[in-house]
Amino acid sequence: MKKLSVVVPYRNREEHLKEFIPAVETELKKQEIPFEIVIVEQNDNKPFNRAMLLNIGFEESKYCDYFAFHDVDMIPLDSDYSYPEGPTHLAARAEQFGWKLPYEGYFGGVTLFDKESFIKINGYSNEYWGWGAEDDDVLFRCNLMEVDTFRKDCRYKSLSHERDIKQSLYSDNLSKYGGLINTKNEIAKKKILMDGISMLNYGRDSEEKLSDHSRIIKVKL
């Protein structure tokens, strides 16, 4: 059977993690899917870089067959983690968004990728610091590189937390994404091939086993 790596970008959410790990382990055992959970903790003082942490999680578990890039505040209620036919968005109905998509092109929260597709699009960008746009970027990569995407109508409970959104970083992210999608396709493809898992650079501080199926890796970006 295909093995799944659940990759979780993480920092300062200990209470969420305590609920997340047993909930996801229970769900995946119920679905009889071989799996591991890789928590990637950003262990520095730089702004949070969700996308780069997801790339690191892929690198740290790329012996697996497919990947669930999964926010720690999303708890599955009715979801399907089976092997996808291509990149597949799962968080179609999350509690925090009133059980509906926040916007039509939303591709975040929980997204499945087969290994071949993720490598073809060069993973996520490493250049989105702070909140915003990294999921729009990865969907654009799929479209530009002619990788078909899908969505499953899955439901997720949302764990509450305060969002610390630095507007200057958010504006920078929107500007970067706008510059990518508004350039010529061939130039955009060159940018993508220079920004992703092919150019990933990070420091690995430590690794700790959290349960039989989960581990946490602390990294510096």
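The values are calculated or read from the model by the stated rules, or taken from the named source; none is laboratory data. Being a predicted model, the structure only gives us computed values, none of them experimental. Positions of Cβ are backbone-derived with ideal geometry, glycine not excepted, and every protein chain shown enters the neighbour counts.
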- Message: Looking only at the range 30-80, filter to residues that are aromatic (F, W, Y) and in contact with a Ser or Thr (Cβ under 8 Å, 6 or more places away or on another chain); which one of those is surrounded by the most Cβ atoms within 10 Å (Cβ to Cβ)?
- Response: F69
- Message: Step by step: first the residues of the range 83-103, then only those that are closer than 22 Å to K3 by Cα and either part of a loop (DSSP other than H, G, I, E, B) or not hydroxyl-bearing (S, T, Y) (or both), then the one that is modelled with the lowest pLDDT. Which residue is that?
- Response: E85
- Query: Could you count how many residues in the range 12-29 are crowded, with 16+ Cβ neighbours inside 10 Å and at positive phi?
  - Reply: 0
- Query: Does any residue in the range 47-63 that is under 18 Å from R11 (Cα atoms) come within less than 7 Å, Cβ to Cβ, of a residue that is part of a helix (DSSP H, G or I) and at pLDDT 95 or above six or more places away or on a different chain, and which pairs are these?
  - Reply: R50/E134; A51/E134; N55/I197; F58/F118; F58/I197
- Message: Take residues that are among the acidic types (D, E) and tell me which of the strands (runs of 3 or more DSSP E) falling wholly in the range 104-215 contain 2 or more.
- Response: 203-209
- Task: Considering only the range 2-56, state which residues are in a helix (DSSP H, G or I), within 18 Å of G108 (Cβ to Cβ) and not charged (D, E, K, R).
- Result: H16, F20, V24, A51, M52, L53, L54, N55, I56
- Message: When you check F69 against the structure, is it touching a residue at least 24 places away in the same chain (Cβ under 8 Å) and either in a strand (DSSP E or B) or touching a helix residue (DSSP H, G or I) at 6+ places or on another chain (Cβ under 9 Å) (or both), yes or no?
- Response: yes
- Within the range 81-131, tally of residues that are over 21 Å from G57 (Cα atoms), of a type in the set (F, W, Y) and surrounded by 15 or more Cβ atoms within 10 Å (Cβ to Cβ): 2
- Residue count, the range 156-173 (criterion: surrounded by 16 or more Cβ atoms within 10 Å (Cβ to Cβ) and modelled with pLDDT under 85): 0
